[in-house]
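J.: Would you mind keeping the following structure in view while I ask a few things?
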Protein chains: 2
Amino acid sequence: MQKRSIGIGLMGMGIVGGQVARVLREKADILAEHAGCPLVLRKIKALPVDLKRPLARELPADLLTTDEEAFFNAPDIDIIVEAIGGENPARGYLKRAMTSGRAAVTSNKEVIAKHGAELRALAQQKQVGLRYEASVGGGIPLISSFTYDLVANRIGGIYAIINGTTNYILTRMAKEGIDFPVALRSAQELGYAEANPENDIEGIDANYKLAIMASLAFQTEVRPEDIYREGISRVGSRDFRYARELGYAIKLLAIGKQINDTIEARVHPVLIPEDSLLAKVDGVYNGILVEGDLVGNVLFYGQGAGPLATSSAVVADIVASAQDILRGAGCRFRWQPDPGKKIRPMEEIETQYYLRLNCADRPGVLAQVSKILGDLAISIASAIQKEADAKSQTAEIVLMTHPSPEKAMQRALKQIAQLEVIKEISNFIRVEHL
Amino acid sequence: MQKRSIGIGLMGMGIVGGQVARVLREKADILAEHAGCPLVLRKIKALPVDLKRPLARELPADLLTTDEEAFFNAPDIDIIVEAIGGENPARGYLKRAMTSGRAAVTSNKEVIAKHGAELRALAQQKQVGLRYEASVGGGIPLISSFTYDLVANRIGGIYAIINGTTNYILTRMAKEGIDFPVALRSAQELGYAEANPENDIEGIDANYKLAIMASLAFQTEVRPEDIYREGISRVGSRDFRYARELGYAIKLLAIGKQINDTIEARVHPVLIPEDSLLAKVDGVYNGILVEGDLVGNVLFYGQGAGPLATSSAVVADIVASAQDILRGAGCRFRWQPDPGKKIRPMEEIETQYYLRLNCADRPGVLAQVSKILGDLAISIASAIQKEADAKSQTAEIVLMTHPSPEKAMQRALKQIAQLEVIKEISNFIRVEHL
């Protein structure tokens, strides 16, 4: 029996939920064309505080409920859209939705990053849809690319500028020569960074998004805690200056690599060649470079956040879920994690390093540093000795190494820190050639 | 009844067909994981000449046939992959495949550009799959983005560098200051341009790809003959020099715009701001910028051609078709062209213009040209008067106008050409601000 309409239950009436409700109402006709029948918003689970928002007054009163049971027991709901965010109770809601035979759509990166394996398994078991395009990169079609469009590829690498707040801050620092605290404060004033910015600037948000992408791209479970993570607060305006001199830009990258059956997954500031396309991804924009054995390098670019972009992905997921429900298609994707793939510990990675040292302004410093590096088989690709500061009698040395093991590099850093001539290891940033 | 395998019939054993056969064989295990059952290549329709190719010797002899009837009557074929190219007989093959209840996959831009409306209608009527991701942009997921991921958006614009050959030639001209014939010859020697390069350099290939994208993005039939088309052979090394001086790059763009219910569709060389991301898309790469009302600006970048990238898209289409067949899902997309949308005639567009004039080296020339433009309400944004050539007593004037109607501009060009002081209208290139 062909259904005459598809019912939607929406959980959450915040910025994302409110915008999704608006699109479903304003674009009802064209969405019905694509879906094959009308998509009808049948119930919204709101918080008491939401009932006072302007949107609540636009909506029929019986659409809104603050009661979880009333929401889940409402009749004729085929798709449940979770737009609450956070780990709990979202996880339970998504499980309940799928267990009761409804398709689930979510914009929630945290719950998918932490419980994606469990939720995908449940969707496949119950044969219902589970979609989360908005969880990574706003409206940029990344989840569907990894799930469907790139499945013929072995993905070798993902290099992603996936957090708009940190990219905005780094762009301001690069272009204006300002330091991190100034750029952060400005981003907060403009609403690009939150009052408590930890989630963004410490790379937690990027970590979640990488966990999701890597799990799909590499067909194995990559959990947030499997991912090495460093934020951007240590990057200084001087680093940008030296990086530019060496021909590099500095970006916070989420990196996933597949080398044989080993997965690398890490989020940290990176020097990338300034003529690479990722280096041109500025401001709040996201850029995601994917390397496949067949497709070669593909780059996706767009706004990674914001209610409009997010609603683009959520509503597309709703339409696709409706198409599947109308066709009785159950769960389309198949995700079978390969237990043979191992996450490589951070100390086993190998990359190039940029090193900025504050040292005594006297001869022989570079020789002492070079000796430590040489003894650990780390070879230097280039070195710049910089502006001595006459008052403090210090100078700055900037080094770029050839590819070297992280373990050796960490050992070198400890030894260099102990040199009498070294005042401070000012910074240490990894380098990637895309 | 759950099927135990999905049978594939492949038409064409050329570069694309051969590579698809290779991927299906080499990646059989992982593809079966994604599809839900083995994908078995059951029959290949080859030309007699193909039987002598190395690939033919790798394959079981009974897989190959040169006989169309034997191919279409082979048992257990669920998906027919057309990798022959060209309008006919591909069109008939795709229709026969779908009419006989099989899903169709094709990499053929010409047949989809010319007969997409008919083929999509047939797929919807027969409730079978029709997929053609490889027809535009190689392995870059554009067709699926327009068909599924961006459906919540009203697409306002598409700006696409979609032909690798012309972008390679223009990049060489821009970077090396060489002229078109030299760059073309070099591209031919390197295998980036064909011996008969007309299809690429005259914009025919880009025209087909724009017809496909615009038809999907704007939900109306945009046929190749609806699209204004100009190739790149008139662009000279001097144009690159002046463009750079003005802060622009020159690219061959396929442009689609939706303004109210009117569609603009055109392929021609364009000056674009040199700091735009599209201006950085160099060499054989493709870059496609899409403007949506929700998603904002999204850019896709990658290799637009080549057997590997093309096979990435074709095989993903095969897997998706198999997933649908296993679920009895029929045809997932819905494409209902809106007859109310009209294609705007080229003379009704409005844009900025770059104009290079070869003129007599004497006072008052600019005044005469300005008067013609002014009388037609075309205002000048900037003007450069350039290097007089003492021997021929000529000089060069370069003008950039403010946005003006094409009709007025064409009239102005006719009048300017008739001025006694004008030796030649050396070039005339439209300008877009992305």
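Values quoted throughout were computed directly from the atomic coordinates according to the rules given, and no laboratory measurement underlies them. The model shown is predicted, which means the values in this text are computed figures rather than measured ones. FYI the Cβ positions are ideal-geometry reconstructions off the backbone, even for glycines, and counts take in every protein chain you see.
J.: Give the average, rounded to an integer, of partner chain Cβ atoms located within 10 angstrom of each Cβ in A:21-29.
T.: Taking all residues of A:21-29 together, the mean is 1.
J.: Taking only DSSP H segments of four or more residues, each worth -39500 (n - 2.57), what value at 222 nm results for chain B once the sum is divided by all its residues, to the nearest 500 deg cm²/dmol? Please report the intermediate quantities before stating the final value.
T.: Details: 14 runs with 154 residues, N = 434.
Taking each H run of at least 4 residues, the total per residue is -10500 deg cm²/dmol.
J.: Here is a further query. Along each of the three principal axes of the Cα atoms of the range B:146-303, give the extent in whole Å, ordering the values from largest to smallest.
T.: 45, 33, 25
J.: Still on this structure, please answer the following. Using 1/(1 + (r/R0)^6) with R0 = 51 angstrom and r between the beta carbons of B:SER5 and A:ARG234, what's the FRET efficiency to the nearest 0.05?
T.: Details: r = 55 Å, r/R0 = 1.07.
Efficiency, from the Cβ-Cβ distance: 0.40.
J.: Related question: Using the Kirkwood radius over C-alpha pairs as Rh, can you work out the diffusion coefficient of the protein assembly as shown via Stokes-Einstein at 20 °C, viscosity 1.002 mPa s, in µm² per second?
T.: Answer, rounded: 73 µm²/s.
J.: Let me ask something else. Given H placed on each backbone N at 1.01 Å, which residues far from B:ALA249 in sequence or on other chains put an amide H within less than 5 Å of it?
T.: It is B:ILE272, B:GLU274, by chain and number.
J.: A further question on this structure: Which lysines does B:LYS407 reach when only Cα atoms under 19 Å apart count, and residues fewer than 8 places away in its own chain are ignored?
T.: B:LYS257, B:LYS342, B:LYS371
J.: Something else about it: Enter the mean number of other protein chain beta carbons within 10 Å of the beta carbon of each residue in A:138-149, as an integer.
T.: Across A:138-149, the average partner-chain Cβ count within 10 Å equals 6.
J.: Among all the aspartates and glutamates, which ones have a C-alpha under 14 Å from B:LYS114's C-alpha, if same-chain residues fewer than 8 places away are not counted?
T.: B:GLU87, B:ASP205, B:GLU221, B:GLU225, B:ASP226
J.: Then there's this: At 7 Å along the Cα-to-beta-carbon direction for both A:ILE259 and A:ASP361, put a label point, then send me their distance in nm to one decimal.
T.: Here the answer is 4.1 nm between the modelled labels.
J.: Given R₀ = 30 Å, what would the calculated FRET efficiency be for B:GLU350 paired with B:LEU419, taking r from the Cβ atoms and rounding to 0.05?
T.: 0.75
J.: Given 0.36 nm per residue, what is the gain on full extension from A:ALA390 to A:LYS407 after removing their alpha carbon distance, in nm?
T.: Full extension from A:ALA390 to A:LYS407 adds 2.6 nm.
J.: Which whole number gives the average, over all residues in A:301-312, of C-beta atoms from other chains lying within 10 Å of the residue C-beta?
T.: Mean shielding by partner chains, rounded to a whole number: 5.
J.: Something else now. If each Cα of the range A:285-403 is one equal point scatterer, what is log10 of I(q)/I(0) from the Debye formula at q = 0.16, 0.22 Å⁻¹?
T.: Debye intensities relative to I(0), on a log10 scale: -1.01, -1.22.
J.: Rounded to two decimals, what ratio of Rg to Rh does chain A give with C-alpha atoms and a Kirkwood Rh?
T.: 1.05
J.: Hey, another quick one. Are any of the pairs B:LYS280/B:LYS386; A:LYS109/A:LYS386; A:LYS209/B:LYS27 more than 32 Å apart by Cα-Cα distance, and if so, which?
T.: A:LYS109/A:LYS386
J.: Pairwise over distinct Cα atoms, reciprocal of the mean inverse distance: report the Kirkwood radius of the range A:225-292 in Å, one decimal place. Provide the component values of the computation, followed by the final result.
T.: Working: mean 1/r = 0.0751 Å⁻¹.
Mean inverse Cα-Cα distance, inverted, gives 13.3 Å.
J.: For the protein assembly as shown, what proportion of DSSP beta bridges, expressed in % and rounded to the nearest 5, is antiparallel?
T.: Of all bridge pairs located within the protein assembly as shown, approximately 70 percent are antiparallel.
J.: Only helices at least 27 Å long along their own axis, judged from Cα atoms, and with Kyte-Doolittle mean hydropathy of -0.5 or greater: name those in chain B from DSSP H.
T.: Helix filter hits for chain B: B:307-326.
J.: Taking B:LYS3 as the anchor, which lysines have their alpha carbon closer than 19 Å to its alpha carbon, excluding any fewer than eight residues away along the same chain?
T.: Straight-line reach from B:LYS3, under 19 Å: B:LYS43.
J.: When chain B is treated as a GNM, springs tying every alpha-carbon pair under 10 Å, which of B:ASP317, B:ASP338, B:ASP179 comes out with the largest mean-square fluctuation?
T.: Among B:ASP317, B:ASP338, B:ASP179, the largest GNM mean-square fluctuation belongs to B:ASP338.
J.: Starting with the highest mean, order B:225-231, B:55-61, B:45-51, A:283-289 by the number of other Cβ atoms within 10 Å, averaged over the residues of each peptide.
T.: Details: B:225-231: 18.9, B:55-61: 12.3, B:45-51: 16.3, A:283-289: 22.4.
With the highest mean Cβ count within 10 Å placed first, the list reads A:283-289, B:225-231, B:45-51, B:55-61.
J.: B:ASP67 to B:ALA381: FRET efficiency via 1/(1 + (r/R0)^6), r the Cβ-Cβ distance, R0 51 Å, to the nearest 0.05? Let's see the in-between values first.
T.: Working: r = 63 Å, r/R0 = 1.24.
Efficiency computed from Cβ-Cβ geometry: 0.20.
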